[in-house]
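Trainee: Just dropping this structure here.
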Amino acid sequence: MEQGKSTVRSVERALDLLLCFTLKPSWAMTELAGHVGLHKSTVHRMLATLEEKGFIERDQITERYQLGLKVWELSSNLAPESDQSTMWQKEMERLRDQLGETVSIYVRSGVERIRIQSVQSHEPVRRVAPVGARFPLYAGASSKVLIAFASPLEQHEIWEHPSWQLREGNNMETYESELLEVMEQGYAVSFEERESGVAAISVPIFDRDCGVIAALAVSGPSSRLTMESMKDFAPILQGSAKRMSMMARL
């Protein structure tokens with residue numbers, strides 16, 4: 001009986017650690033230990049197990065922890081009525097049909113962004129957007145949105161990451177000015193920043209606490225998605241993102 005209780009308690013403690021990531025995306029081990037009220041050695045063992053199973057990832061440079069891809073694998077098997085990306089599917093299809101271009105959803109994972117959902121354009125020449133693809137945060141409209149609307153702590157962690165220091169054109173003053181503009185206008189655009197011939201516009205999706213949880217993006221050939229057309233698309237995307245934010249708060 002005592003052994004059974006101990007096993008359940010261990011599961012509860014491990015789940016408490018995972019639930020910490022609903023508060024912020026990145027934690028140091030000492031922060032986690034203090035938050036859940038456990039000894040650092042206990043937390044270290046639990047984190048090692050969660051990391052081995054893929055539920056947690058540890059940055060080899062900063063030694064900070066974040067959720068692993070196994071969480072996304074689990075979420076892909078949620079019942080349709082519980083999966084946010086599935087709930088957003090119809091809104092994404094409506095947006096695709098209205099604008100004629102590929103629609104994607106991205107979330108941040110460390111200094112990368114992951115495409116978790118996409119609806120392909122019907123155009124013969126279109127932006128192909130495979131789900132699960134990972135991209136660096138230093139380029140692209142969705143990256144700007146995910147950084148611009150992140151918390152100051154999250155932004156600091158991104159700036160301090162070694163991979164960020166290696167990005168091309170590392171002029172932080174210019175970049176931070178661009179992020180301020182993104183926050184003021186409520187959307188970001190990119191024109192052949194990451195791929196030649198591709199343009200994109202992106203807007204934030206917020207949770208109930210007004211924190212950014214994802215970036216909604218429309219992308220396509222730069223011959224069709226001109227700076228002028230993307231500016232016209234902005235209020236349409238913002239309307240869709242507002243409806244998707246409301247779904248996330250239900």
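Trainee: Could you tell me whether segment 136-156 includes any residue that is more than 18 Å from the chain's Cα centre (by Cα) and open to solvent by less than 20 Å² (accessible area, probe 1.4 Å)?
Mentor: Among the residues of segment 136-156, not one is more than 18 Å from the chain's Cα centre (by Cα) and open to solvent by less than 20 Å² (accessible area, probe 1.4 Å), which makes the answer no.
Trainee: Quick check on Glu63: is it in contact with a Cys (Cβ under 9 Å, 6 or more places away or on another chain) and open to solvent by 50 Å² or more (accessible area, probe 1.4 Å)?
Mentor: no
Trainee: Among the numbered criteria (1) within 22 Å of Glu93 (Cα to Cα); (2) surrounded by 13 or more Cβ atoms within 10 Å (Cβ to Cβ), which one does Glu195 miss?
Mentor: Here Glu195 clears every test but (1).
Trainee: Regarding Ser143, is this residue modelled with pLDDT of 85 or more, of a type in the set (Gly, Ala, Ser), at negative phi and not in a loop (DSSP other than H, G, I, E, B)?
Mentor: yes
Trainee: Among the residues of segment 155-172, is any assigned to a strand (DSSP E or B) and either touching a Lys or Arg at 6+ places or on another chain (Cβ under 8 Å) or acidic (Asp, Glu) (or both)?
Mentor: no
Conditions (1) modelled with pLDDT of 95 or more; (2) touching a Cys at 6+ places or on another chain (Cβ under 8 Å); (3) over 13 Å from Val145 (Cβ atoms), marked per residue:
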site: Asp207; (1), (2), (3): no, no, yes
site: Ile213; (1), (2), (3): no, no, no
site: Val218; (1), (2), (3): yes, no, no
site: Ser223; (1), (2), (3): no, no, yes
site: Met227; (1), (2), (3): no, no, yes
site: Lys231; (1), (2), (3): no, no, yes
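Trainee: Give the number of residues within segment 178-198 that are assigned to a helix (DSSP H, G or I), in contact with a helix residue (DSSP H, G or I) (Cβ under 9 Å, 6 or more places away or on another chain) and of a type in the set (D, E, K, R).
Mentor: Of the residues in that region, 2 qualify.
Trainee: For segment 99-135, give me each residue that is open to solvent by 50 Å² or more (accessible area, probe 1.4 Å) and farther than 27 Å from Ser26 by Cα.
Mentor: Hits for segment 99-135 are Gln120, His122, Glu123, Pro124, Val125, Arg126, Val128.
Trainee: Which of the residues that make up segment 101-119 are small (Gly, Ala, Ser) and either in contact with a Lys or Arg (Cβ under 6 Å, 6 or more places away or on another chain) or at pLDDT 95 or above (or both)?
Mentor: If the condition is that a residue be small (Gly, Ala, Ser) and either in contact with a Lys or Arg (Cβ under 6 Å, 6 or more places away or on another chain) or at pLDDT 95 or above (or both), then Ser104 is the only one that fits.
Trainee: Also: Going through segment 46-57 one residue at a time, which ones are buried (at least 16 other Cβ atoms within 10 Å of the Cβ) and not in a loop (DSSP other than H, G, I, E, B)?
Mentor: Answer for segment 46-57, where residues must be buried (at least 16 other Cβ atoms within 10 Å of the Cβ) and not in a loop (DSSP other than H, G, I, E, B): Met46, Leu47, Leu50, Ile56, Glu57.
Trainee: Taking the conditions exactly as written (touching a strand residue (DSSP E or B) at 6+ places or on another chain (Cβ under 8 Å) and open to solvent by 10 Å² or more (accessible area, probe 1.4 Å)), does Gln238 satisfy them or not?
Mentor: It is true that Gln238 is touching a strand residue (DSSP E or B) at 6+ places or on another chain (Cβ under 8 Å) and open to solvent by 10 Å² or more (accessible area, probe 1.4 Å).
Trainee: Is there a residue being farther than 20 Å from Ser163 by Cβ, among the hydrophobic types (A, V, I, L, M, F, W, C), part of a helix (DSSP H, G or I) and open to solvent by less than 60 Å² (accessible area, probe 1.4 Å) anywhere in segment 33-42?
Mentor: Yes; the residues of segment 33-42 include at least one that is farther than 20 Å from Ser163 by Cβ, among the hydrophobic types (A, V, I, L, M, F, W, C), part of a helix (DSSP H, G or I) and open to solvent by less than 60 Å² (accessible area, probe 1.4 Å).
Trainee: Ok, one more. For segment 203-233, give me each residue that is open to solvent by 30 Å² or more (accessible area, probe 1.4 Å) and either over 24 Å from His122 (Cα atoms) or assigned to a loop (DSSP other than H, G, I, E, B) (or both).
Mentor: Scanning segment 203-233 gives Phe206, Asp207, Arg208, Asp209, Cys210, Val212, Ile213, Ser223, Arg224, Thr226.
The values are calculated or read from the model by the stated rules, or taken from the named source; none is laboratory data. This is a predicted model, so every value here is computed, not measured. As a convention, Cβ positions derive from the backbone with ideal geometry for all residues, glycine included, and neighbour counts pool all protein chains shown. Please note that ligands, DNA and RNA were not included when accessible areas were found on the heavy atoms of the full protein model with its side chains. Shrake-Rupley method; radii C 1.70, N 1.55, O 1.52, S 1.80 Å.
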